[in-house]
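The values are calculated or read from the model by the stated rules, or taken from the named source; none is laboratory data. Quantities reported herein were computed from a predicted structural model and do not represent experimental measurements. Please note: Cβ atoms are built from the backbone with ideal geometry, for glycine as well, and neighbour counts cover all protein chains shown.
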Amino acid sequence: MDIASLQIWSPSAVPKGKRLSPCLSRQRRQSTIICGIRARDSPPQASVEGNVGVDDVDIKDFPWPSPSDQVPFWKSKLPSWGVSFDVPDDAGKDPLPLHVIHVTAEMAPIAKVGGLGDVVTGLARACLSRGHKVEIMLPFYQCINRQLIVGLELTTEYNSFHDGIWVPMNAYRGAVSGIPVILIEPSNKFFTGTSIYGGSYDEVEAYLLFSRACLEWMQVKGVQPDIIHVHEWQTSALCLLYWDMYHYLSLQKPRIILTIHNMEHYGECGQEQLSKCGLDGSIYATVEKAVDDRTIGHNPERLSLLKGGIVYSNAVVTVSPTYLNETLCSGWLADTLMKNRDKYFGILNGIDTEMWNPATDACLPVRFNAQKLQGKKLCKCYVQKGLGLDLEGEGHSDMHSLLNETQRVPLVICISRLVAQKGLHLIRQAIKHVEELGGQMVVLGKAPDSRVEKEFNDLADVYNQGHQIRILLLYSEELSHLLYAAADMVLVPSLYEPCGLAQMIGMRYGAIPVVRKTGGLADTVFDIEDESKRDVANGFVFEGIDEGSLNWALDRAFTHYRERPEEWAKMVKKVTEIDNSWNRTAGNYIEVYNSIRVQ
Ligand code: ADP
């Protein structure tokens, strides 16, 4: 087995708070000087590439983490996200360059809560690399880490209207992962606090102000992009403001596209709330415009900003073809979507393959790719040690035998917001069943609902005592990278899933997906026993929402892993090579942009 040429952490990347033996420090320093290549895409102190074989590293001196480390192992490095600050230049250029401005509540990695942040960044980078001009406008949340923004400067001071007064606003410019960003900071208390959502201010009103402030900024600056790309309910009011206000003022050229990432959030809004941004809320309270159909007959009837966005945008996209069909058939917005069917498209999300790249990922102790997957085994051992999970081959005296021992204990991960949509009862059942099957499982998730948090905390109190299961109720980008790299299987048991990124990211890192057949999961994962999908088969799929269905998929995956290791290894290589990148799918967005732009 070839285990040479793995990229190992340099001494500068050794976890802070962990003392290296002088002998290892010297050995590492030497290898750094010999290699002398600094990772192109890492901050100077974070990581150095080197062609050091795992065999060359003494198993005892490898900086293994431990649960008793003062600083948890995933926090012990500066994040560099493994992302080049230059936009990749590997895609062909499109003939008709567009100017696109995204107006969004999230952007990875500076303001990410879920997939929305990943999608905005990934799509923007893909379009930039195809020769388009792309900018992202987002609120300047107080919790944003300013150090992650390159060249941050205050560029414009202006006013935007809210609740009867003109509110002073600051617009900052900078770059994040090579993408120009414009951060809008109101002078009132909106967007303050320690998290992206859930601050102690009225969220609907905050995003109404933000939506208007973005158009106001364009007007003040005389900026007229070809496309304004809004996302979710938070920025849907921009469509109404544009066509009923700013288009009559000075903005003529832009056309608007709305991407719906999750139909669950309608953006419920009182008529008087909408009026605060300067529109007359009452005129939108009709079935044809923005009345929230669920509130018809109630007093008062309310509005749905998302519905308004659908009606008032030039094109609507949702994030997978299967979810498009599902949303046309059921849900409160089905009628509205049906009426707007000719401008409604299903485009599968991609993943940012620079940000999610096991070959360059600065969060990993060892990097790997589809051709050299040995590093993945070391990542698994690293995570097992760090979390205090049982480690096979514990008694081995050298790295080679540690990594080449048959690994009979599969590691399953589930990285997810802990909300009903994600199949909470199935996640709980998976924890139980994986333990019964003698496997290991790590759940990394945050529960916005305190009852759910308590429930999982109680589970953690029980299971985290042992050496098979870890339930970690926190948000950590770095730990998520490590877990994807370590995992044998990535579980996504969602009740519904518009697209889902975890299964695609997991595959890129060699984790076999075990998923429920719904939405984008049905578009990206195909069961290995499905004869009609043999060429694209890449995982284990179940349909029911009952525990038996989940158990059946896990049983099959475990049997396959244990009894057919060679086939499993082939499947790992296959999924690692699947192209789920934005390069593959961004062209579909560009087609839609071109179909609505003003020539
Ligand atoms: P959603 O947008 O519904 O949350 P997606 O699958 O589209 O689901 O995207 C989820 C993204 O958020 C993935 O990048 C996943 O790795 C990440 N994520 C979810 N929970 C956590 C967490 N607790 N810590 C780190 N990353 C997380």
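Annotations
- The single condition among (1) of a type outside the set (Asp, Glu); (2) surrounded by 20 or more Cβ atoms within 10 Å (Cβ to Cβ); (3) assigned to a loop (DSSP other than H, G, I, E, B) that Thr336 does not satisfy is (3).
- Looking only at segment 246-270, residues that are farther than 21 Å from Glu106 by Cβ and either over 28 Å from the mean Cα position of the chain (by Cα) or buried (at least 21 other Cβ atoms within 10 Å of the Cβ) (or both) come to 10 in all.
- Test: residue in segment 452-467 that is touching an Asp or Glu at 6+ places or on another chain (Cβ under 7 Å) and in contact (Cβ under 8 Å) with a residue 60 or more places away in the chain: yes
- Here Gln440 does not fit the description of being free of Cβ contacts under 8 Å to residues at least 24 places away in the same chain and more than 9 Å from the ligand (Cβ to nearest atom).
- Residue ID - surrounded by the most Cβ atoms within 10 Å (Cβ to Cβ), chosen from residues in segment 339-376 that are charged (D, E, K, R) and either under 20 Å from the mean Cα position of the chain (by Cα) or within 14 Å of the ligand (Cβ to nearest atom) (or both): Asp361
- The number of residues in segment 478-494 that are under 12 Å from Gln384 (Cα atoms) and part of a loop (DSSP other than H, G, I, E, B) comes to 1.
- So Ala511, is it closer than 22 Å to Gln440 by Cβ and within 17 Å of the chain's Cα centre (by Cα): yes
- Of residues in segment 478-510 being of a type in the set (Gly, Ala, Ser) and more than 24 Å from Pro321 (Cα to Cα), the one surrounded by the fewest Cβ atoms within 10 Å (Cβ to Cβ): Ser480
- Of all residues in segment 106-120 being modelled with pLDDT of 95 or more and either of a type in the set (Val, Ile, Thr) or touching a Cys at 6+ places or on another chain (Cβ under 9 Å) (or both), the one that is farthest from the ligand (Cβ to nearest atom): Ile110
- Residues of segment 512-527 that are aliphatic (A, V, I, L, M) and out of contact with any strand residue (DSSP E or B) (no Cβ under 7 Å at 6 or more places or on another chain): Ala522 alone.
- Candidates are the residues of segment 217-239 that are buried (at least 24 other Cβ atoms within 10 Å of the Cβ) and of a type in the set (S, T, N, Q); the one that is nearest to Ile182 (Cα to Cα) is Thr235.
- Flag if Gly193 is closer than 30 Å to Asn145 by Cβ, surrounded by fewer than 16 Cβ atoms within 10 Å (Cβ to Cβ) and not β-branched (Val, Ile, Thr): yes
- Taken together, the residues in segment 245-299 that are farther than 30 Å from Gly519 by Cα and modelled with pLDDT under 95 amount to 3.
- Within segment 373-459, helices (runs of 4 or more DSSP H) holding 3 or more residues that are at pLDDT below 95: 374-387, 399-404
- Residues of segment 482-501 that are near the ligand (Cβ under 9 Å from one of its atoms) and more than 19 Å from Asn349 (Cα to Cα): Leu483 alone.
- Condition broken by Tyr509, with the remaining ones in (1) among the aromatic types (Phe, Trp, Tyr); (2) away from the ligand (no atom under 16 Å from the Cβ); (3) within 27 Å of Phe368 (Cβ to Cβ) satisfied: (2)
- The conditions of being buried (at least 18 other Cβ atoms within 10 Å of the Cβ), closer than 19 Å to Thr327 by Cα and out of contact with any strand residue (DSSP E or B) (no Cβ under 6 Å at 6 or more places or on another chain) are not met by Lys289.
- Here the condition is being over 30 Å from Ala362 (Cα atoms) and in contact with a Lys or Arg (Cβ under 7 Å, 6 or more places away or on another chain); of Glu547, Glu543, Glu563, Glu529, it holds for Glu543 alone.
- Filtered residue count, segment 156-173, keeping only those that are surrounded by 13 or more Cβ atoms within 10 Å (Cβ to Cβ) and farther than 17 Å from Glu205 by Cβ: 6
- Hits in segment 453-472 - residues which are within 15 Å of the ligand (Cβ to nearest atom) and either of a type in the set (S, T, N, Q) or surrounded by 19 or more Cβ atoms within 10 Å (Cβ to Cβ) (or both): Phe456, Asn457, Arg470, Ile471, Leu472
- In segment 558-575, residue surrounded by the fewest Cβ atoms within 10 Å (Cβ to Cβ) [restricted to those that are among the basic types (Lys, Arg) and under 19 Å from Pro358 (Cα atoms)]: Lys570
- Qualifying positions in segment 308-358 - among the small types (Gly, Ala, Ser) and in contact (Cβ under 8 Å) with a residue 12 or more places away in the chain: Gly308, Gly309, Ser313, Ala315, Ser320, Gly331, Gly346, Gly350
- Total residues in segment 324-348, condition in contact with a Ser or Thr (Cβ under 7 Å, 6 or more places away or on another chain) and among the polar types (S, T, N, Q): 1
- Pairing residues of segment 248-271 that are charged (D, E, K, R) with residues that are within 16 Å of the ligand (Cβ to nearest atom), at Cβ distances under 8 Å and at least 6 apart in sequence or on separate chains, gives Glu264/Gln421.
- The combined condition, being crowded, with 18+ Cβ neighbours inside 10 Å and either within 14 Å of the ligand (Cβ to nearest atom) or part of a strand (DSSP E or B) (or both), is not fulfilled by Tyr475.
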